[in-house]
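The values are calculated or read from the model by the stated rules, or taken from the named source; none is laboratory data. Since we're looking at a predicted model, the values are computed, not measured. Heads up, the Cβs are rebuilt from the backbone with ideal geometry, glycines too, and the neighbour counts pull from every protein chain shown. Remember, those area values only see protein heavy atoms, side chains included, never the ligands or the DNA or RNA. Shrake-Rupley method; radii C 1.70, N 1.55, O 1.52, S 1.80 Å.
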Amino acid sequence: MERTVYISTPRTLPPLLLLFRGDAMRIIELREHQTLGRNTRTNQVDIDLAEPYVSRHHGELGHDARGWYFTDTDSGTGTYLGSRKVTPGERCYLADGDVLRICNEPMQSAADVVTLVFLTDYPEAFAAGSIPLNVEEITIGRGSREKLPLGENTVSAHHASFFLADAGWAVVDHNSTNGVWINNRRITHPEYLQCGDCVRIANLCFVYRGDCILYQRLPDPQTIAQTAQPAQRPAGNFPNEPLAIKIIERTVSSAAGRKLLLQDIELTVDPGEMVLILGGSGAGKTTFMNAVMGYEKADGTILHGELDLYAHFKEMKHRIGFVPQQDLLRGSDTVFYTLQNAADMKLPRRMKRPERLQRIETVLQTLGLTPERDTLVSKLSGGQRKRLSVGVEYISDPSLFFLDEPDSGLDGIMARTLMENLRTIANEGKIVMVISHAPDRVPELFDKVIVLAKSMTDGAGHLAFYGSIPDARTFFETQTLEDVVRRINRPEEGGEGYADYYIDRFKAERSRYGGR
């Protein structure tokens, strides 16, 4: 197990136990031997946890020549050390920052878990602080612009963020020097939080309690801002900036003359959003994606923040990750070597080897490929190959990610796993745009949907809708996204032929659906 290492001046402080239950934090100074449990008229313990799911004599804290330890005394619900359930009677020796949790499983709220944190390194003066989770992001660091500024010299200027992601609250490390730790395990990518989890930043604890975060508050007059701010999810190597798309038209010339492929498409995608691209037959989904990536320029502008992708393509192309339908992987290479080769080609030459290797490990873990690191590509399943193709692009930590039918040929479980991986990538603050012909597998993972329809008037692809998935169903009066496509396809293609109706309707009503 990895242990927290901090740069600090050696001190001799008595060990503490921080106890978090409900919305309160309690500081307990440890003695040579203390019992832990629930007081009753006939049973008295040194540390009373009070909760009904805690056994009357739940456990003991003690000290011997080896150090401090915890023993679960055959309790009813058990005790977790980190993510491991403690074996009753076992002496579990504790290191600084180790987290003990007693849970009423399955957990539903803060009332269902007690968190205890063993500390030997902590600020000499601190009190209990509470951060209500009525905002969408809480940034932590030494910088003056952070929502929760910390003056500790072991805290980086922009150290970490708690942020509201698709499936709940999560935490991310912004490449800080001393890292971010969940239950004394260092994280390498954004991770969701469970009620009772302890996040450690430098020598300060932040415990997630569902509707708030309890933490060690330093004697500093500055506190977290209580006003909600616009969602600004954390990014990787590039700034969190929106992608503004304005395509006046996209044409091609041939011996038969000029042909119009796309016309009048304007929308904005925010950082951290995962967007589905749907379209009827011949509506120009791939053409649209190629135009947005700058591979095939259209008449218009593609702005990432203030940078015009067309005007600065040489610089911007390194921000773009693209996974085509067909992978270009070598079957005779292992998974690890494939990613290592991609890292050598895509990562800056100034990046040192240990950093490159760490990036590879992060990609393996994020995409669930760690068990396959030494497997030949030729031996991978279809879903694993597709995730590896994603990894080859993800290795450079792009801020714009495009995928053309990544779930094609995959069964339902493999497709869901892949899309969940992409959701994780989007939650890092990246923009992820996906073309899919099986949109109803995981609609809840997408923030928005772009619907392109081929007009009967000019034969070009137009914007027929842009907004949330529920709003798309309302707009097209359907229960499924496949029926959206059926609405706009021509009758000879198995559709209902309403493309022009919805194109015109969306132009008139787009403000109702937040289309920008």
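Ranking Lys430, Lys259 by solvent-accessible area of protein heavy atoms (1.4 Å probe, all protein chains present), from largest to smallest, gives Lys259, Lys430.
Rounded if a/c is under 1.5, else prolate if a/b is larger than b/c, else oblate: which is segment 452-516, with a ≥ b ≥ c the root eigenvalues of its Cα gyration tensor? Verdict is oblate for segment 452-516. Can you tell me the 0 to 90 degree angle between the C-alpha axis of helix 412-426 and the longest principal axis of the chain, rounded to 10? The angle comes out at about 80 degrees. Specify the inter-centroid distance of segment 121-136 and segment 278-345, based on alpha-carbon positions, in whole Å. Going from one Cα centre to the other spans 42 Å. Of Lys246/Lys454; Lys352/Lys430; Lys285/Lys430; Lys314/Lys379; Lys297/Lys352; Lys85/Lys430, which sit over 28 Å apart, Cα to Cα? Check vs 28 Å cut-off fails for Lys314/Lys379; Lys297/Lys352; Lys85/Lys430.
Computed with a 1.4 Å probe over protein heavy atoms only, the accessible surface of the chain comes to 45 Å² per residue. Take the alpha carbon gyration tensor of segment 371-516, find the square roots of its eigenvalues, order them as a ≥ b ≥ c, and report rounded if a/c is under 1.5; if not, report prolate when a/b exceeds b/c, else oblate. Judged from the Cα gyration tensor, segment 371-516 comes out prolate (a/c at least 1.5, a/b above b/c). Between the beta carbons of Asn341 and Asn43, assuming R0 = 51 Å, the FRET efficiency works out to 0.20 to the nearest 0.05. Taking 7 Å steps out from each Cα toward its Cβ at Glu124 and Lys507 produces label points 7.2 nm apart. Between Asn134 and Arg186, the FRET efficiency estimated from the beta carbon spacing at R0 = 41 angstrom works out to 0.90. On a 0 to 90 degree scale, rounded to 10, what angle separates helix 382-394 from the longest Cα axis of the chain? Compared with the principal axis, the helix lies near 90 degrees. Protein heavy-atom surface of the chain, 1.4 angstrom probe: 48% of the accessible area is carbon and sulfur, with nucleic acids and ligands not counted. Between Ser408 and Leu164, what is the label-point separation in nm under the 7 Å Cα-to-beta-carbon projection? Computed distance between label sites Leu164 and Ser408 equals 3.8 nm. Once you have a ≥ b ≥ c as the square roots of the Cα gyration tensor eigenvalues for segment 304-446, tell me rounded if a/c is under 1.5, and otherwise prolate or oblate according to whether a/b is larger than b/c. Oblate, since a/c reaches 1.5 and b/c is not below a/b. Applying 1/(1 + (r/R0)^6) with r as the Cβ-Cβ distance of Ala65 and Thr177 and R0 = 45 angstrom yields a FRET efficiency of 0.85. Taking the 0 to 90 degree range and rounding to the nearest ten, how far is the long axis of helix 335-346 tilted relative to the main principal axis of the chain, both from C-alpha atoms? So the inclination is approximately 70 degrees. Each peptide in 71-79, 418-426, 201-209, 474-482 receives the mean, over its residues, of other Cβ atoms within 10 Å, and ordering these scores from highest gives 201-209, 418-426, 71-79, 474-482. Going through (i) 74, 58, 45; (ii) 91, 49, 48; (iii) 91, 64, 48, the figure that equals Cα extents along the principal axes in Å as computed for the structure here is (ii). Report note on the peptides 162-172, 384-394: ranked by the mean count of other C-beta atoms within 10 Å, highest first, their order is 384-394, 162-172.
Let me spell out the model: positive unit charges on the Cβ of Lys and Arg, negative unit charges on the Cβ of Asp and Glu, origin at the Cα centre of segment 345-435. What dipole size does that give, in debye rounded to 20? Before the final figure, lay out the partial values.
On the way: 15 positive and 12 negative charges, 106 e Å.
The calculated dipole for segment 345-435 is roughly 500 debye.
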